[in-house]
1. Go through the range 150-199 and report how many residues are in a strand (DSSP E or B) and either without any contact (Cβ under 8 Å) to a residue 24 or more places away in the chain or among the hydrophobic types (A, V, I, L, M, F, W, C) (or both).
2. Pick out the one residue from Glu163, Glu187 that is modelled with pLDDT of 95 or more, acidic (Asp, Glu) and under 21 Å from Ala276 (Cα atoms).
3. Any idea which of (1) in the same structural domain as Gly283 (by TED's automatic domain parsing); (2) in contact with a helix residue (DSSP H, G or I) (Cβ under 9 Å, 6 or more places away or on another chain) is the one Asp186 doesn't satisfy?
4. Answer yes or no as to whether Thr233 is surrounded by 13 or more Cβ atoms within 10 Å (Cβ to Cβ), among the polar types (S, T, N, Q), at pLDDT 95 or above and not assigned by TED's automatic domain parsing to the domain that holds Trp249.
5. Return the residue satisfying two criteria in turn: it lies in the range 124-183 and is among the hydroxyl-bearing types (Ser, Thr, Tyr) and more than 24 Å from Gly242 (Cα to Cα), and of such residues it is surrounded by the most Cβ atoms within 10 Å (Cβ to Cβ).
6. Which condition from (1) polar (S, T, N, Q); (2) touching a helix residue (DSSP H, G or I) at 6+ places or on another chain (Cβ under 6 Å); (3) surrounded by fewer than 23 Cβ atoms within 10 Å (Cβ to Cβ) is the one that Ser313 breaks?
7. Among (1) closer than 21 Å to Ser32 by Cβ; (2) surrounded by 21 or more Cβ atoms within 10 Å (Cβ to Cβ); (3) over 22 Å from the mean Cα position of the chain (by Cα), which single condition is Gly279 missing?
8. Ser307 - would you say it is small (Gly, Ala, Ser), in the same structural domain as Phe193 (by TED's automatic domain parsing), modelled with pLDDT of 95 or more and exposed (fewer than 15 other Cβ atoms within 10 Å of the Cβ)?
Amino acid sequence: MIIAQTPLRVSFFGGGTDFPEFFEKHGGAVLSTAIDKSIYHAVTHFHSRLFDYSIRLAYRKVECVGRLGDLEHAPCREILRHFGVTRDVEVSLTADLPSMSGLGSSSSFTVGMINAIAAFKGKSLPARELAALAIRLERDTLKETVGLQDQITAAYGGLNVIEFSGKSRFRVGPVAVSKAKLAELDESLMMFFTGVTRRANDVEKKKLRGLSANTGALSRMRDHVDAAHSALTGNAPLSRFGALLDRTWTEKRSLDAAVSSPEIDAMYETAKRAGALGGKLLGAGGGGFMLLFAPPEKKGKVRKALSQYFEVSFSINAAGSRIIHSS
């Protein structure tokens, strides 16, 4: 049995500039972190001659099929196909948090599945190769409308500035933040579930259709990456990081009407009145989790003001996808 653990992510700044449609012309960058909430893949060999199926896949539903081509789960099917695994395999998926909630779960699934099946075949893939293969499968094979940051963060882990240029080139730079400031950042973050799930692919398609009109906003969001990096690595108070989140959320909302809603806007304003300095919807927008930055002494008031929403505690700077069991 092979078990792979792959982190979900929180994207702070620069989301949207990680799409080739943007960064190949203008350059792009994100500041993003892996968190201590994960997706787990368990891969097991079995003798299909003893059963009436040759592949078993268990996620929110269970598929037992005789041929690889009969699998409905397209990412799983294409990853198995890539590695030449066509029978005698069982794959089970579990996750700490739900999909379609803004935490990069689709790409974490792809990265974790690749890592697990590679190990099942006796291969160990470095983080760069793991991320690059996930990007190719999602964008080229599955034709998904996705950026590049989620696959990279899932593969590498950590708190990074990821820069994009040219034809899908990327550079990963860990943020050199002090232990004290990292702990302060960790302590200042909160995450609440809006109660709405959505397909990021649908929201991103709408934003890309308006790309020419959004170039200015996306460029300003790219600039926020540099400013936030300076806030983490320099001597400025960390409250600047929270204020930048507020600015980047304003820019993000301007990209398309589907990014937010009156209910989400009201939720955000309630949090700010209670003491949050800034925040944003995670992922493409439209629902999922809302990230908030609040001074530790204000978190109790924010929590009380948003008591109708489910809060999920988390920590940043988690490890990238890894094999945690092999037997």
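1. 15
2. Only one candidate passes the filter, namely Glu187.
3. (2)
4. No, not satisfied.
5. Here is the first cut: in the range 124-183, the residues among the hydroxyl-bearing types (Ser, Thr, Tyr) are 124, 141, 145, 153, 156, 165, 168, 178.
After this cut, where a residue has to be more than 24 Å from Gly242 (Cα to Cα) as well, the list is 124, 141, 145, 156, 165, 168.
Numbers: Ser124: 10, Thr141: 14, Thr145: 19, Tyr156: 23, Ser165: 14, Ser168: 14.
Among those that are among the hydroxyl-bearing types (Ser, Thr, Tyr) and more than 24 Å from Gly242 (Cα to Cα), it is Tyr156.
6. For Ser313, the exception is condition (2).
7. (3)
8. Yes.
The values are calculated or read from the model by the stated rules, or taken from the named source; none is laboratory data. Note that the structure is a prediction, hence the values are computed from the model and not measured. Using ideal geometry, Cβ is built from the backbone for each residue, glycine included, and neighbour counts are taken over all protein chains shown.
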